[in-house]
1. Could you check how many residues of the stretch 397-427 are within 24 Å of Val195 (Cβ to Cβ) and open to solvent by 60 Å² or more (accessible area, probe 1.4 Å)?
2. Could we say that Arg169 is open to solvent by 50 Å² or more (accessible area, probe 1.4 Å), of a type outside the set (Phe, Trp, Tyr), in contact with a strand residue (DSSP E or B) (Cβ under 9 Å, 6 or more places away or on another chain) and modelled with pLDDT of 85 or more here?
3. Please find, within the stretch 345-365, the residue that is most open to solvent (accessible area, probe 1.4 Å) out of those that are of a type in the set (D, E, K, R) and outside any helix (DSSP H, G or I).
4. Do we have any residue at all in the stretch 362-379 that's in contact with a Cys (Cβ under 7 Å, 6 or more places away or on another chain) and outside the structural domain of Ala499 (by the TED database)?
5. Which condition breaks for Leu260 when tested against (1) touching a residue at least 12 places away in the same chain (Cβ under 8 Å); (2) over 20 Å from Asn83 (Cα atoms); (3) open to solvent by 10 Å² or more (accessible area, probe 1.4 Å)?
6. When the residues of the stretch 371-380 are narrowed to those that are surrounded by fewer than 19 Cβ atoms within 10 Å (Cβ to Cβ) and touching a residue at least 60 places away in the same chain (Cβ under 8 Å), which ends up farthest from Val414 (Cα to Cα)?
7. Condition check: basic (Lys, Arg), surrounded by 23 or more Cβ atoms within 10 Å (Cβ to Cβ) and either modelled with pLDDT of 60 or more or closer than 30 Å to Thr545 by Cα (or both). Does Lys175 satisfy that?
Amino acid sequence: MFVETKSLKQTNRMDTSWFEKLKPHAELLAALFSGLLISIGWVLENQQIIPVAVAVYLAAYVIGGYAKAKEGIEETIANRELNVEMLMIFAAIGSAAIGYWIEGAILIFIFSLSGALETYTMNKSNKEISALMELQPEEALRVRNGSEERIPVSQLLVGDVIVIKPGERVPSDGKIIEGQTSLDEAAITGESIPVSKSLHDEVFAGTVNVRGTIMVEITKPNSETLFQKIIQLVQTAQSEKSPSQQFIERFEGPYVKTVLVAVGLMMFVPHFAFGWSWTETFYRAMILLVVASPCALVASIMPATLSAISNGARKGILLKGGVHLENLGQLRAIAFDKTGTLTKGTPEVTDVIVRDGMTKEELLTYVVSIEKYSNHPLASAIVRHASTCMNDQLKPVNMEDVAGFGVSAYLNGVSWKIGKADFVGKVEAEQFKGGVATRLAEEGKTIVFARDEQGIAGVIALKDQVRKDTLAAIQQLQKAGIRTIMLTGDSEKTAAAIAKESGIDTYVAECLPETKVDEMKKLKQAYGTVAMVGDGINDAPALATASVGIAMGEGTDVALETADVVLMKNHLPRIAEAVQLSKKMNRIVKQNIVFSIVVILALIASNFMQFLHLPMGVIGHEGSTILVILNGLRLLR
C-alpha cells in the first residue's frame, strides 16, 4: 500500500511538472491546434459534411482566438479604446456571417500565431534578471563584537564588517580594512586578469575573491551597490519600446476606428444614397470588413521574419525576435567589448626575454617550478605556455605568496622572486635590456619579472590575444559604412594597442558598466541605430541599452539572456552577414506591405463600385496573403 501511494505521488508530481513545462507555451499550442482544426474543417466541408465542419471551425475560433480576444477585450475596457485584436474578432464574425467560416478561422489562426510568438519571445527576454540575481550571494559572514555570524545580505548595514574568504563572491560594496588579495572583477569591468587589492581599496558586489581572506567594511546599502545598478540598468533598458512598437501603438487605434466607421457607414449609406437593397448593402459591408482586415499585412511580416531567423540559425546566428533583425539593417555604429569579444579572453605568453648567458628554456624551468603552485591566471598561462618546452622541474623551498605583488621561493638554494617590478626591484627592472619592459607594456602587454641572486634573470610578457577573425569582421562592417568602437575596462595603453591591432575606428578605455551605458546612449544620439557586442556580465546593461545587443556564444549566461542576437560559434564575421540578411528582409517586408495595401485598396474600391463579388473578394484577399507569404519564404535560401 505504501508503495502504491508513493507511486501515485510521484505520478502526480510528474503530471504537475509536465503541465508547468507546457504552461508558458499554451498560447502557441492553442494557435497551432486551431490550425489543425481548420484543416479538419476544410476536409469536412469538401466532403459536404457542413454542420460538423461549422462546429469544427467554431472550435478553431474559440481555441485559437481566446487569448487574443481576452487581451483585446481587457485592453479595450482598461484603455477605453478599440484595438486591432477587436478588429480581428469583428472581421472573423463578419466572415462567418456571410458564410465564409474558413476565412475567419484562418484570420484568427494567423493573428493568434503571431501573438503567441511575441509572448514567447517576451518571456524569454526576462530571464536575464533572474540570472543576474543568482550571481549575488544571499548571505554574508558578519563580524560583530569579536564573533562571526552568517546573515542575509539584505540585513547588511553601512559600517558593518564582513569576512570574505578565498573563492567567495563579495556580497556588497565596501573597502578593505584588513588583508590583501586579488579579485576577479570580470563581472564589473570585464577584465580577465584579477586585480590586486590591499588596505583601503574598494571592492564591489558580485566580484570573486581569488586569494587571501579579507575583512571589508560595508560602504553602501545593498540596494545601491554597483551590481544592483547593473540589474536596474538592464530593467530600464528593456522597458523602453522599439520605434516599430511605438509606431504600431500610435496608429492602432485610428486604424481600427477608421475601418469600423467605414463598415458602419457601408451598412446604411449606400441604401439611401445609391438605392442599394438592404441585402446588397449588408453584403457589401461584410465584404468590406473581411477585405479590410489586415490578414495580408500580418502575413507580410511574420513569414519573412521567421524565414530570415531560420536562415540565420543555420549560419550560427541566433536572433531572438524580428524587431532585432529589422534593426540590424539600419545599423550606423557598433560597439565592441574587448575581453572575450575582440580578444580570446585569456592571457597568453607572447615574449620571453632573458639576460645574457641564460636560455629561455632555463628561465621557464625556474619560473614554472614555482608558478605551478600558484592559482593566479598569469601563473597558469605561463605554466601552460612552457609545458612543452621546459626541462625537468625543480622543487621550490620556503615558498611565499605575497598577495598583489608576486611569489618568492628557493630553488637549489638560490633565492628567486617572480612578479611585479616593485617586487623584484623597480629601477633594475625598468633598466633591464635597455627598458624592454616599458616597450612591451606600451604594446598592451602584462609584464612578469623573474629575479635571482644575480639580478633580473628575465621578463615574460603576456597578452590577451586578438581573435583571428576580428580584423576581417571589422573590415566587413567598415565596408558596409558602419563605424566601429571599442568599449573596455582596460587601461589606456592596452586599449590603444588592441584597437590598433584589430583595426577599430575608435575606443574608450577604463569603462565601468555604467560608463558603457553612457557611451551607448551617446552613440545612439549621434548615429541612431547602434549595436553592442559583448560576452560578460558587465556588458549586460550596455547590451540592453543598445538598439541591438549581440552576445558571443561562449559568453556568460547573463550576456546570452540579455542580448537580442547570439553568435553561437563566436564567429565575428557573422555580424556582417546578419546585417546583409536584415537588409534583404527589410526589402522583402516593404515589398509585401506595399503590395498588400494596394490589393486591399483595390478590393475596397471594387467592392464599393459593386464589381467585386464575395468569391473574388476571398480569392483576392487570401491570394494576396499567399503571395506575400511565398515572397517571405525566399529568405529561407
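1. So the count comes out to 8.
2. So Arg169 fits the description; yes.
3. Top of the filtered list is Asp356.
4. So far as the stretch 362-379 goes, yes, one or more of its residues are in contact with a Cys (Cβ under 7 Å, 6 or more places away or on another chain) and outside the structural domain of Ala499 (by the TED database).
5. (2)
6. Step by step, filter the stretch 371-380, then rank; the result is Pro377.
7. Criteria not met by Lys175.
Residue-by-condition table, conditions (1) aliphatic (A, V, I, L, M); (2) within 13 Å of Asp337 (Cα to Cα):
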position	(1), (2)
Ile537	yes, yes
Leu543	yes, yes
Val548	yes, no
Glu561	no, no
Arg587	no, no
Ile593	yes, no
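The values are calculated or read from the model by the stated rules, or taken from the named source; none is laboratory data. Source: prediction; values computed, not measured. Heads up, the Cβs are rebuilt from the backbone with ideal geometry, glycines too, and the neighbour counts pull from every protein chain shown. For the accessible areas, the whole protein counts, side chains as well, though only heavy atoms, and no ligand, DNA or RNA atoms are used. Shrake-Rupley method; radii C 1.70, N 1.55, O 1.52, S 1.80 Å.
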